[in-house]
Amino acid sequence: MIRLALLRHGHTPWNRLGQIQGRSDIELDAAARDDLQLLSLPEPWDTAQLWASPLKRATETAHLVTNRTPQTDTALIEMNWGAWEGQRGIELRSDPTSGFRDIEHWGWDYRPPQGETPAEVWTRLSPWVESLNRDTVAVCHIGIMRVILARAHGWDFSGPAPFTVKRNRLYIVEIDGPSLSPQSEPVRLVTGKSA
């Protein structure tokens, strides 16, 4: 059995403004860099294989937390939000003509205009997940984490999610062939760097 630990990238200026990033390559902000350089992976994750989305906010988070250069794969790039990238979710939600829905009303086939469905995200992610051959940390995005965790929890993007994605925590999924199962509690990053 292989374990996959998912870590969300640090804050960007767009995160703080509530803007949808998707595939836009937005860098970490200075405060995120300051915070992340004080954190590290707990044992045994500090020696696990390290992967990241190729977007700057993920690769930089991986490097700051581990002082290693991650392998990257385009499968880990954030969900494509199409025409909504750069817009604020709060404004889309208040416009009844936008088609914007909260996540508990998506289902697997919900598609932002010119964007990608959760089902399509899983289609591109699953070969990467199936290729893992040892315990792995993947620094990625909330959309990627939600899709993998939804599969592990058996959640269909309908009703409240059985998990909440927070920063500076590892969300661990056990991979047994095509089957995914979640570890019950996330694992916090640790303060301080090893010598």
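Table for the structure above
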read-out: Among (1) touching a Gly at 6+ places or on another chain (Cβ under 8 Å); (2) in a helix (DSSP H, G or I); (3) of a type in the set (A, V, I, L, M), the one test that Ala58 misses; value: (1)
read-out: Criterion: open to solvent by less than 40 Å² (accessible area, probe 1.4 Å), in contact with a Phe, Trp or Tyr (Cβ under 6 Å, 6 or more places away or on another chain) and closer than 28 Å to Pro118 by Cα - qualifying residue of Leu76, Leu28, Leu6; value: Leu6
read-out: Residue in the range 34-57 that is over 30 Å from Arg134 (Cβ atoms) and polar (S, T, N, Q) present; value: no
read-out: Enumeration of residues in the range 140-195 that are out of contact with any helix residue (DSSP H, G or I) (no Cβ under 9 Å at 6 or more places or on another chain), open to solvent by 60 Å² or more (accessible area, probe 1.4 Å) and among the charged types (D, E, K, R); value: Lys166, Asp176, Glu185, Arg188, Lys193
read-out: Count of residues meeting criterion [buried (at least 18 other Cβ atoms within 10 Å of the Cβ), within 16 Å of Phe157 (Cβ to Cβ) and either aliphatic (A, V, I, L, M) or more than 16 Å from the chain's Cα centre (by Cα) (or both)] in the range 79-105; value: 2
read-out: Wholly enclosed helices (runs of 4 or more DSSP H) of the range 78-195 bearing at least 1 residues closer than 28 Å to Asp35 by Cβ, modelled with pLDDT of 95 or more and basic (Lys, Arg); value: 142-153
read-out: Meets criteria (buried (at least 16 other Cβ atoms within 10 Å of the Cβ) and either in contact with a Leu (Cβ under 9 Å, 6 or more places away or on another chain) or without any contact (Cβ under 8 Å) to a residue 40 or more places away in the chain (or both)) for Ser126; value: yes
read-out: Ser53 being surrounded by 19 or more Cβ atoms within 10 Å (Cβ to Cβ), farther than 25 Å from Ser158 by Cβ, of a type outside the set (Val, Ile, Thr) and touching a residue at least 40 places away in the same chain (Cβ under 8 Å); value: yes
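Here is a yes/no grid of residues against (1) within 27 Å of Ser126 (Cα to Cα); (2) at pLDDT below 95; (3) not in a loop (DSSP other than H, G, I, E, B):
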position: Ala5; (1), (2), (3): yes, no, yes
position: Gly10; (1), (2), (3): yes, no, no
position: Gly22; (1), (2), (3): yes, no, no
position: Ile26; (1), (2), (3): yes, no, no
position: Ala32; (1), (2), (3): no, no, yes
position: Glu43; (1), (2), (3): yes, no, no
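The values are calculated or read from the model by the stated rules, or taken from the named source; none is laboratory data. Just so it is clear, the model here is predicted, and its values are computed rather than measured. Glycine gets a Cβ as well: all are built from the backbone with ideal geometry, and neighbour counts include every protein chain shown. All accessible areas refer to the heavy atoms of the entire protein, side chains included, with ligands and DNA or RNA removed. Shrake-Rupley method; radii C 1.70, N 1.55, O 1.52, S 1.80 Å.
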